[in-house]
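Visitor: What follows is a single structure, and I will ask about it in a moment.
The values are calculated or read from the model by the stated rules, or taken from the named source; none is laboratory data. Not measured: the values here are computed from a predicted model. Methodologically, a virtual Cβ is constructed for each residue, glycine included, from the backbone with ideal geometry; neighbour enumeration extends over all protein chains shown. Heavy atoms of the whole protein, side chains included, go into the accessibility calculation; ligands, DNA and RNA do not. Shrake-Rupley method; radii C 1.70, N 1.55, O 1.52, S 1.80 Å.
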Amino acid sequence: KNRCQRLDLSGNTRNCFLTGSPDSCRNFIGKRLRCLLNVPNTEVYKNAHCSSASFCFQSSGPLGEKITSLQISSVGQLPHNFSAWNIHIRSFHTSPSFQAAPVPLFWIIVKPAQKLFAIILGRSIRNWWKALPPNKRELFKESARKNKWKILLGISSLGVLFVVFYFTHLEETPITGRARLLVFGKEHFRELSQMEYDMWMEEFKSKMLPETDARYQVVERVVGHLSESNKDIPQVSALKWVIHVVDEPDVNAFVLPHGQVFVFTGLLNAVSDVHQLSFILGHEIAHAVLEHAAEKASLVHVLDFLSLIFLTMIWAICPRDSLAVVGQWIQSKLQEFMFDRPYSRTLEAEADTVGLQFAAKACVDVRASTVFWQQMELAATIQGQPKLPEWLSTHPSHENRAEHLDRLIPEALKIRESCNCPSLSGPDPRLIFKLNMQHLLELSKDQETLNSTKRDLSQPKLDFPHT
């Protein structure tokens with residue numbers, strides 16, 4: 001069909017996902033959990049049949065450990081019988097916002113000066129008002145009461161101008177068709193993307209894997225496979241996807257707005273199979289295709305402009321500087337938790353949706369996406385990480401993310417079918433995860449019972465004579 005391209009693997013995304021310390025995750029890969037969750041090494045993968053350009057692993061295991069056994073046949077699809085159960089879990093995160101810097105350079109430089117100007121202006125207004133004699137204050141109040149309709153008209157005019165500005169800068173998001181505010185054009189981000197790319201290359205110049213490295217080649221083929229399968233989408237085919245694999249233990253991946261893909265080797269050790277890796281990279285590619293960096297920068301730009309008005313009012317109205325500082329802090333936190341973080345979660349959920357579609361058109365086993373987030377939820381629980389409310393985070397919780405993807409999988413499976421992908425055989429990886437979790441809980445209960453019995457036997461029984 002016209003929206004589904006056949007596969008050709010000769011071809012050549014600040015954002016996701018998880019939070020946590022990579023070091024703390026290593027404790028999770030204890031011998032007990034590994035024994036409980038790993039599926040025994042079998043011959044099924046050695047005999048895996050790949051018709052058309054497919055990825056074939058000869059054994060189950062973390063992708064980073066089995067990278068050398070990757071084989072690419074001339075024509076085929078991604079296999080659907082990878083093990084999802086040799087779990088090697090670490091926390092996964094994308095780059096912090098300050099590293100992505102998706103705002104025009106001029107705004108970055110001017111923004112602190114604007115905030116300082118608003119503080120000085122508000123404080124000057126307050127001091128000027130305090131210095132006025134009581135009779136002049138009354139004159140000003142009387143004048144304001146007489147001209148209240150003119151003042152309201154002026155404020156209303158500013159409001160109308162803002163509404164006009166908002167609706168004249170609305171655009172339709174590619175693929176999803178969602179209306180969004182976009183203040184900055186692509187030309188702004190081309191220059192900043194190049195600057196950021198130069199920064200990353202300078203930082204990681206001694207840690208870049210060569211193109212001959214097997215880990216580089218598998219990332220290149222996965223990205224090439226995703227882009228080739230979705231080349232009917234103009235935003236995908238318009239970008240040149242360039243791969244960079246960084247030899248770092250951090251579980252990290254991101255894509256710059258102009259198509260520079262950065263993947264850390266820690267991520268290759270964290271995913272269970274190529275299907276999970278394909279979904280993660282599809283998510284990051286979706287961020288670039290949907291221009292989320294420009295969209296988020298536009299929202300931040302407008303909110304910061306409006307916050308300057310409130311900041312001036314806070315410093316003008318508050319009787320003391322200490323109260324103004326508290327008011328400024330409250331205002332910034334309200335902006336963060338009412339606008340910034342909810343909007344970030346919305347963009348992450350949208351990237352999950354579109355990334356799943358990309359993976360489905362590439363004939364990936366889309367059910368592995370849910371398993372990935374279930375693994376992350378399990379890792380956080382085992383490690384004893386505090387479970388913060390979702391509204392405190394810039395990303396949806398692992399549990400909600402898995403549930404969201406689970407609702408989308410039936411539609412993604414229809415997309416696979418419409419693209420003439422081979423049917424998925426074997427058990428559903430989500431069912432396997434559930435069964436393994438039940439097995440883990442049963443063994444944990446048995447171990448607790450055994451430990452309790454040992455404690456009872458070790459305590460001496462004291463029989464006191466009755467009087």
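Visitor: Report, in debye and to the nearest 20, how large the dipole of the stretch 298-383 comes out about its Cα centre when Lys and Arg carry +1 and Asp and Glu carry -1 on their Cβ.
Guide: 100
Visitor: Given a 1.4 angstrom probe, what's the average accessible area per residue across the stretch 186-441, in square angstrom?
Guide: I get 41 Å² per residue for the stretch 186-441.
Visitor: What's the FRET efficiency of residue 120 with residue 152 using the Cβ-Cβ distance as r and R₀ = 30 Å, to the nearest 0.05?
Guide: 0.65
Visitor: Within 10 Å of each candidate Cβ there may be at most 16 other Cβ atoms; applying that plus a DSSP loop requirement, which trypsin sites (Lys or Arg not before Pro) in the stretch 198-302 survive? All intermediate terms of the calculation are to be shown ahead of the outcome.
Guide: Numbers: sites: 205, 207, 215, 221, 231, 240, 296; in loops: 205, 207, 231, 240.
Those that pass, being in a loop and sparsely packed, are 205, 207, 231, 240.
Visitor: Listed here are the pairs 205/240; 414/445; 296/361; 111/141; which of them are more than 30 Å apart at the Cα? Kindly include the intermediate steps, with their values, before the conclusion.
Guide: Working: 205/240 21 Å; 414/445 40 Å; 296/361 27 Å; 111/141 34 Å.
From 205/240; 414/445; 296/361; 111/141, over 30 Å: 414/445; 111/141.
Visitor: A further question follows. Could you give the length gained on full extension between residue 313 and residue 140, defined as 0.36 nm per residue of separation minus the Cα-Cα distance, in nm?
Guide: Values: separation 173, 0.36 × 173 = 62.28 nm, distance 1.76 nm.
Result: 60.5 nm gained on full extension.
Visitor: Right, next: According to a simple spin-label model (label point 7 Å from Cα along Cα-to-Cβ), what is the distance in nm between residue 165 and residue 205?
Guide: About 4.1 nm separates the two model spin labels.
Visitor: Count neighbours as other Cβ atoms within 10 Å of each site's Cβ, and list the GluC sites (Glu not before Pro) in the stretch 169-211 that are DSSP loop with at most 10 such neighbours.
Guide: 211
Visitor: To continue, here is another question. Quick one: with all protein chains in place, what share of the accessible area of the stretch 186-441 is carbon or sulfur, to the nearest percent (1.4 Å probe)?
Guide: Accessible surface attributable to carbon and sulfur in the stretch 186-441 totals 60 percent.
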